[in-house]
1. Provide the packing ranking of 375-384, 244-253, 401-410, i.e. peptides ordered by the mean count of other C-beta atoms within 10 Å per residue, highest first.
2. For S355 and Y227 in one chain, what is 0.36 nm times their gap in residues minus the Cα-Cα distance, to one decimal in nm?
3. Give the residue list of trypsin sites (Lys or Arg not before Pro) in region 58-165 that are DSSP loop and have at most 15 other beta-carbon atoms within 10 angstrom.
4. Quick one: accessible area per residue over the chain, 1.4 Å probe, rounded to a whole number of Å²?
5. With unit charges on the beta carbons (Lys and Arg positive, Asp and Glu negative) and the dipole taken about the Cα centre of region 1-271, which residue among G160, A26, F67 sits farthest to the positive side?
6. Okay, which of region 10-50 sit inside 19 Å, backbone N to the point 7 Å along the Cα-Cβ direction of F109?
7. Stretch T244-L423 to full length: gain in nm at 0.36 nm per residue minus the Cα-Cα span?
8. Probe radius 1.4 Å, ligands and nucleic acids ignored: give me the carbon and sulfur share of the accessible area of the chain as a rounded percent.
Amino acid sequence: MEVIGFMTNKWVATAIGIWIQCICGASYTFSIYSSALKSTQGYDQSTLDTVSVFKDIGANAGVISGFLYSAVTPTTRRRSSAGPWVVHAAGAIQCFLGYIFIWAAVSGFIDRPPVPAMCFFMFLAAHAQTFFNTANVVTGVHNFAHHSGTIVGIMKGYLGLSGALLIQVYNTACNGEPSNFLLMLAVFPTLLSITFMWFVRIDRTESRNEMKHLNSLSALAVIVAFYLMVAIIFNNTFSLSSWTRFVTFSILLVLLVAPLGIAINAQREDLRMSSPSFFTEENPVLNKPKSANAEDSVEYHELPSDELQTMAAANSRAPRAMNVLEALRTLNFWLLFVAMVCGMGSGLATINNMSQLGQSLGYTATETKTFVSLWSIWNFLGRFGAGYTSDFLLHSYGWARPLLMAITLLIMSGGHIVIASGLSGNLYVGSILVGICYGSQWSLMPTITSEIFGLEHMGTIFNTIAIASPLGSYIFSVRVIGYIYDREAAEKHGSCSGTHCFVVSFLVMAIVAFLGSLVAAALFFRTRRFYRLALQRRVERLS
């Protein structure tokens, strides 16, 4: 029983959440099996794109997962094992059913399903991602309310890396067979989440040196990203033997096991520091006077776990935690939603058309494959970096997170302009800028949601705002990029080469991202008052 109690805490919940985040981003690997899906089912490109749209909708329309989390998770208890595991179980069921039917169709075990049925299977498989993500992210914010940006950045960062991680599994274990990969996507995430979902639980108990251990998890995430970047470049540049790929993958597995070691060390330290013998007059650390101005001697974990919810109380328009219907009636919600349509929509449209863009600008197949693969790394850097940086700026200088959102959207606008220029090498530079800034929106948006509208219905509200991603992607991919490309290609018998194929599209998206930056700035000016008041209350409690 002592072992079970030792393993059921916020630190182990975080490590398990990281593991599940690493394998739940299968929607980012569509390119691995899309050709096999197209050939075995006899689809034309338009039909395949239709199936892909349902993938994007499923991976981003997570409102149901948010409602389920709010319904089954107690918000008044300090510790609770109820809730998160139910959401994980619902995601696991969808993941298995969706991918197992796609695998059966591609492998010929069942007759070719109608296109609407395949769209449903794809939606179901991708929709599981929102359940895993909601359970891990919202639980993390509950457990680390004072460092919500950092924990969201870690969780969202690993989700951004999951596509690259799963592709490493494909290169190592699937023998280049997309059907084997589909079977793995059906079985592996399901088994992992069902086995470990019991450890993902809410634990709002106080923890000492919280930021120290979160920094360790953050440093490890950066190491994993750097290692993956090197592996991707070598794999795309050289022809690696199966033995080399196996060694490379084994090292990656060791790095992915490491979060559990950090979690166990953090829990041991908490238990040691909470033991009666630790709180004695002989302990100079605890007896040392604390200064409200010295960050080294002030720990934010001393505050109650629901401190961030006071932000809502500080705003006269949000006297309490809101549900989704109440949030929908506020201007702050729509400002955040419009900013995400501009940012997430234009960013997703960029990655959806990256391969075609490389071909039109004359990049080789290897070069195109490399910067498409590295998108996961830039996506991770944005997700993790924005979460960590926003916490630092908020706690150290009082800079509200919407300000960082406005800055990243402004940089994204510059990235679109760099891509539109079409100069040699600019596609690499532009994809890095857009990728990092796109990823940052996925980290900033959920955290801002929890701070403006409260924690109680955070999962439902941020998943409602996330609908902006497929909506914006449809507008910019189909109505802007697709329309302009087809118009240019019509004059050259269906294909288009040169900068003119995309220059107007990316200039339009640059303007849109700039407008998104202005909208985020408006949100910053509307909310900076209660951000400042919340920080003021922290200082008063610490002084």
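1. Put in order of decreasing packing, that is 375-384, 401-410, 244-253.
2. Numbers: separation 128, 0.36 × 128 = 46.08 nm, distance 2.39 nm.
Difference between extended and current length: 43.7 nm.
3. Working: sites: R77, R78, R79, K156; in loops: R77, R78.
Here the trypsin sites (Lys or Arg not before Pro) that fit, given the DSSP loop and packing criteria, are R77, R78.
4. Details: 22030 Å² over 543 residues.
I get 41 Å² per residue for the chain.
5. The Cα lying farthest towards the positive end belongs to F67.
6. Answer for region 10-50: 33-34, 36-38, 40-41.
7. On the way: separation 179, 0.36 × 179 = 64.44 nm, distance 3.61 nm.
Extending this stretch completely gives an extra 60.8 nm.
8. Carbon with sulfur: 64 percent of the solvent-accessible area.
The values are calculated or read from the model by the stated rules, or taken from the named source; none is laboratory data. Please read these numbers as outputs of a predicted model, since none were measured by experiment. Note that we place each Cβ from the backbone using ideal geometry, even for glycine, and neighbour counts take in every protein chain shown. Accessible surface areas use protein heavy atoms only, side chains included; no ligands, DNA or RNA. Shrake-Rupley method; radii C 1.70, N 1.55, O 1.52, S 1.80 Å.
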